[in-house]
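A.B. asks: I am attaching a structure below and will ask some questions about it afterwards.
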Amino acid sequence: MPADPRQGLRFGRIPITKVQPVLEEGKFPAKGVRGADVRVSAVIFREGHDALGATAILVAPDKSEAQRVAMTPGAKGTDAWEGVLTPDHEGLWTFAIEAWGDLYATWAHNAQVKINADVDVDVMLEEGSQLFAAAAGGAQDTDPDAAHVFRQAAATLADASLNTIDRLAAGTSLEVRAAVARFPLRDLVTRSQEYPLLVERDAAGRGAWYEFFPRSEGAMRHPDTGEWTSGNFRTARNRLPAVAAMGFDVVYLPPIHPIGKINRKGPNNSLEAGPQDPGSPWAIGSDEGGHDAIHPDLGSVEDFAGFVAAARDLGLEVALDLALQCAPDHPWATEHPEWFTTRVDGTIAYAENPPKKYQDIYPLNFDNDPAGLSAEILRIVRLWIDRGVRIFRVDNPHTKPVWFWEWLIGTINAEDPDVVFLAEAFTRPAMMAALGRAGFQQSYSYFTWRNTKEELEEYLVHVSRESPGYFRPNFFVNTPDILTEFLQYGGPQAFKIRAILAAMGSPLWGMYAGYELYEHVARPGSEENIDNEKYEYKQRDFAGAEAAGKSLAPFVTLLNKIRREHPALLDLQNLSLHESTDEATLVFSKHKTIAATATGPERKDTIIVVINVDPHSMREGEVTLDLDALSLDGLSADGTFMVEDLVTGATWNWGKRNYFRLDAHLEPAHILYIRR
């Protein structure tokens, strides 16, 4: 007997191609978060004209099949299919695609066409009767209700005493179609390989971050001498209740280690530091210790533990900066000169990012002693994990080899999968993508510089539809290094606009202290704050500004409250764009169906954001909504539905087309909740 020619081929009976999210043919797992929807897609086709169906299958870490979801076809002519899977706990999952010949859809189409043309009428009715009879037998054990429907359809199709129209109607009724949806009539079933999906805890893909310098919280300047007394972990604890009250989840601290004294930078990055200038926390290490030590001004290891515990009691996690670089007087510089780059004159090269120069920082060299340097960094990370840190914000990871991050994060997450790494990588797209593949759970993003409607539309589509398998963006609105021109010149309304975009557009967003005070004055010719806190202490009167009505904190609190109450905002892959007639008004929605539980029925959560992204003007026009993206099961008789503005409390009846008027100086956005 001849050998089966189909064995060992790359194409199955029904070709399944371009499966997503798949990273380098499955070498790296795609990213997921517990309870977050994951869009899966493929290009599926076959010879001839017979109908196809497709199913997305989710396989749990224990290898059990956890979910089967019918996929829907994409735009006509593309052969694209898409579905949504929702893993419900952490672990290494897999998913696969099944494609199959849709026997019912093929028969129903052919029967209607041929019978209407009076061609092969008896043959088509008999084929339908046999199809349903076979289906009834197959469905009897798993779906007896469907089996009953199929038997009735088979009998009616075979009943020659009835007229043709009634017989055909029995095979194409709504009841039959509903039964087929539950129990598809499949043949030539073809299954793809399984692809990995790493599902991580909430903090990996959801959360609101707040950054502050603990040395500034409680810092005091003597009124007579002008000398500063540094804040510390004990005084910084006093800031935590306000951070928690604004609804943040993570409090992020810049490096807390001893700061180099050699080449220490002074105010505004000047080369001369006075005896009272504290220096940049990113210039790590001195005779007081290195990456495993705490700056003596901040307190002791016990003080840090008290700070972490106080944060935890308020529902906050502490994220610590992991900056792999050294001041010239870091202990490593003398104990391990091989961990640095030595120039021809025998000096160690300091960091440069032309035109910027960092004379107070030595970058590490991972090529001279990769084993020794890697082991030391692993020791450091484990030490801070033992001290209660579960989230690390990694400074400039793109200046270190990618292999190192794959190894470090893989090693740490194998021991403790709850540890999260955020990449502070404002760099080339290829490097940012590689860092995500290497294991970084989230990353800073280009959002910071996307300001116009066109720029934002393009970027929101990219991060929600094109890159979420490997890249989770954290939409920071500012940092100690980044004060964009939009914020410098846009007025307080610019701060509100960017906060809305960040908090509503991404499940991860963050802000650096002072944003709520509209700090907008830059060092001339730069995108950095004047009197940058990186180089000096900064006193702020948060309570006084709020009492005077000059703080964004109440609005930030509202944004975070909206996020907590609407799970649609905490998924990444569920964003859809809508049209507006105004060139500066952006419209997007986020929708999520929350499955039924033992305590409640299935429910749908849908948010529509209409935002004027021009901080200098009033904008008006018409919004045209994609109603399918809003998952509206049924509209009222006049084609409308009720929306509630979560900012103002106003309600309106909206439909497909809706008028808007948004004044950036009053309220630049509608954040609308569909009341079902």
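The values are calculated or read from the model by the stated rules, or taken from the named source; none is laboratory data. All values reported here derive from a predicted model rather than from experimental measurement. Methodologically, a virtual Cβ is constructed for each residue, glycine included, from the backbone with ideal geometry; neighbour enumeration extends over all protein chains shown. These accessible areas exclude ligands, DNA and RNA; they are computed on the full protein's heavy atoms, side chains included. Shrake-Rupley method; radii C 1.70, N 1.55, O 1.52, S 1.80 Å.
A.B. asks: Return the ratio Rg/(2.2 N^0.38 Å) for segment 200-264, where Rg is computed over Cα atoms only.
C.D. replies: That ratio works out to 1.43.
A.B. asks: For T229, what is the net charge nearby, where nearby means another residue's Cβ is under 11 Å from its Cβ and Lys, Arg count +1, Asp, Glu -1? Mind showing how you got there, number by number?
C.D. replies: Values: positive: R215, R221; negative: E227, D297.
Computed value for this residue: 0.
A.B. asks: Find the percent of Cα-Cα distances in segment 77-123 that exceed 16 Å, and round it to a whole number.
C.D. replies: Roughly 65 percent, rounded to a whole number.
A.B. asks: Continuing with this model, one more query. Report, by chain and number, residues whose modeled amide H sits under 5 Å from the one on S443, excluding near sequence neighbours (fewer than 5 apart, same chain).
C.D. replies: Amide H neighbours of S443, under 5 Å, 5+ apart: A423, R472, N474.
A.B. asks: Right, another one. Quote the Stokes-Einstein diffusion coefficient, in whole µm² s⁻¹, for segment 413-491, based on the Kirkwood radius over alpha carbon pairs, a temperature of 10 °C and a viscosity of 1.306 mPa s. Write down the numbers at each step before the final one.
C.D. replies: Numbers: Rh = 13.8 Å.
Using the Kirkwood radius from Cα pairs, D works out to 115 µm²/s.
A.B. asks: Mind computing the radius of gyration and Dmax over the alpha-carbon atoms of segment 327-369? Å is fine for both.
C.D. replies: Gyration radius and largest Cα-Cα distance of segment 327-369: 10.3, 31 Å.
A.B. asks: log10 I(q)/I(0), Debye, Cα-only segment 76-194, no solvent, q = 0.10, 0.22 Å⁻¹?
C.D. replies: Log10 of I(q)/I(0), two decimals: -0.39, -1.22.
A.B. asks: Taking only the alpha-carbon atoms of segment 1-101, what semi-axes of the equivalent ellipsoid follow from 5 times the gyration tensor eigenvalues under a square root, in whole Å, largest first? Could you put the intermediate results ahead of the total?
C.D. replies: On the way: eigenvalues 135, 63, 31 Å².
Here the semi-axes work out to 26, 18, 12 Å.
A.B. asks: Normalised by the empirical 2.2 N^0.38 Å for globular proteins, what value does the Cα Rg of segment 535-612 take? Working shown, then result.
C.D. replies: On the way: Rg = 18.3 Å, N = 78, 2.2 N^0.38 = 11.5 Å.
Dividing the Cα Rg of segment 535-612 by 2.2 N^0.38 Å gives 1.59.
A.B. asks: In Å², what does the accessible area per residue of the chain work out to with a 1.4 Å probe? Please report the intermediate quantities before stating the final value.
C.D. replies: Details: 29860 Å² over 676 residues.
Ligands and nucleic acids excluded, the result is 44 Å² per residue.
A.B. asks: Still on this structure, please answer the following. Rounded to whole Å and sorted largest first, list the principal axis extents of the Cα atoms in segment 284-377.
C.D. replies: Computed over segment 284-377, the largest-to-smallest principal extents equal 53, 31, 23 Å.
A.B. asks: Please express the shape of segment 552-658 as an equivalent ellipsoid: the semi-axes are the square roots of 5 times the eigenvalues of the C-alpha gyration tensor, given largest first in whole angstrom.
C.D. replies: The three semi-axes for segment 552-658 are 24, 20, 13 Å.
A.B. asks: On to the next question. Report, in listed order, any pair from K261/K357; K590/K656; K18/K590; K453/K496 with a Cα-Cα distance greater than 24 Å. Numbers along the way, then the final one.
C.D. replies: Working: K261/K357 17 Å; K590/K656 16 Å; K18/K590 26 Å; K453/K496 16 Å.
From K261/K357; K590/K656; K18/K590; K453/K496, over 24 Å: K18/K590.
A.B. asks: Just to confirm the filter: which trypsin sites (Lys or Arg not before Pro) across segment 42-118 are DSSP coil and have at most 13 other Cβ within 10 angstrom of their Cβ?
C.D. replies: Loop-located and lightly packed - K63, K76.
A.B. asks: Grab the other residues whose beta carbon is less than 11 angstrom from that of A596, score K and R as +1, D and E as -1, and report the net.
C.D. replies: Net local charge, A596 excluded: 0.
A.B. asks: What residues qualify as long-range amide H neighbours of D102, i.e. H under 5 Å apart, gap of 5 or more or another chain, H built at 1.01 Å from N?
C.D. replies: Placed amide hydrogens put A51, L52, G53 under 5 Å from D102.
A.B. asks: Here is a follow-up. Kindly write out, for segment 129-138 in residue order, the coupling ³J(HN,Hα) from the Karplus curve 6.51 cos²θ - 1.76 cosθ + 1.60 (θ = phi - 60°), rounded to whole Hz, with x marking Gly and Pro.
C.D. replies: Result, rounded to whole Hz: 4, 5, 4, 6, 5, 5, 5, 4, x, x.
A.B. asks: Ordering T229, T452, T94 from largest to smallest accessible area (1.4 angstrom probe), what's the sequence? Walk me through the intermediate numbers first.
C.D. replies: On the way: T229 85, T452 65, T94 25 Å².
These residues rank, largest area first, as T229, T452, T94.
A.B. asks: Give me the net charge of R201's neighbourhood, meaning all other residues with Cβ under 14 Å from the Cβ of R201; Lys, Arg count +1, Asp, Glu -1.
C.D. replies: Here the count lands on -3.
A.B. asks: Work out the FRET efficiency for K656 and R177 from their Cβ-Cβ distance, taking R0 = 30 Å, and round it to the nearest 0.05.
C.D. replies: Efficiency, from the Cβ-Cβ distance: 0.70.
A.B. asks: Please sort by residue number the GluC sites (Glu not before Pro) in segment 590-671 whose DSSP state is loop and whose Cβ has at most 15 other Cβ atoms within 10 Å.
C.D. replies: Hits after loop and neighbour filter: E602.
A.B. asks: A further question on this structure: Give me the tail of P(r) for segment 406-549 as a percent: Cα-Cα pairs with distance above 25 Å. The partial results should precede the final answer.
C.D. replies: Values: 3779 of 10296 pairs.
Distances greater than 25 Å cover 37 percent of the Cα pairs.
A.B. asks: Would you calculate a helix-derived [θ] at 222 nm for the chain, using -39,500 (n - 2.57) for each DSSP H run of n ≥ 4 and dividing by the full residue count, to the nearest 500?
C.D. replies: -8000 deg cm²/dmol
A.B. asks: How far apart, in nm, are the 7 Å Cα→Cβ label points at K27 and A293?
C.D. replies: Calculated label separation equals 4.2 nm.
A.B. asks: Explain nothing, just the number: relative contact order of segment 440-563, from Cα pairs under 8 Å at least 6 residues apart, as a whole percent.
C.D. replies: 24 percent
A.B. asks: Sequence gap at least 6, Cα distance under 8 Å: using those rules, report the relative contact order of the chain to the nearest whole percent.
C.D. replies: So the answer I get is 10 percent.
A.B. asks: Hey, with R₀ at 30 Å, roughly what FRET efficiency would E565 and E458 work out to, going by the Cβ-Cβ distance, to 0.05?
C.D. replies: 0.55
A.B. asks: Something else: Please state, to two decimals, what the Cα-based radius of gyration of segment 125-226 comes to when divided by 2.2 N^0.38 Å (N = residues). Please list the in-between numbers first.
C.D. replies: Working: Rg = 31.9 Å, N = 102, 2.2 N^0.38 = 12.8 Å.
With N residues counted in segment 125-226, Rg over 2.2 N^0.38 Å equals 2.50.
A.B. asks: May I pose another question? List every residue whose amide H lies under 5 Å from the amide H of L314, counting only residues 5 or more places away in sequence or on a different chain, with H placed 1.01 Å from N in the peptide plane.
C.D. replies: When sequence neighbours closer than 5 places are left aside, there are no close amide H contacts.
A.B. asks: Tell me, what % of the accessible area of the chain is carbon and sulfur with a 1.4 angstrom probe?
C.D. replies: On the way: 15340 of 29860 Å².
Ligands and nucleic acids excluded, carbon and sulfur give 51 percent.
A.B. asks: Just to check I understand the Karplus step: with θ = phi - 60° and J = 6.51 cos²θ - 1.76 cosθ + 1.60, what whole-Hz values come out for segment 529-535, glycine and proline as x?
C.D. replies: 4, 5, 6, 4, 5, 4, 10
A.B. asks: Let me ask something else about it. What share of Cα pairs, in percent, lie more than 51 angstrom apart in the chain? Walk me through the numbers before you get to the answer.
C.D. replies: Values: 52025 of 228150 pairs.
Result for the distance tail: 23 percent.
A.B. asks: Let me see the P(r) profile for segment 404-444: every Cα-Cα distance counted, bins of 10 Å, each bin given as a percent of all pairs.
C.D. replies: 32, 54, 14, 0
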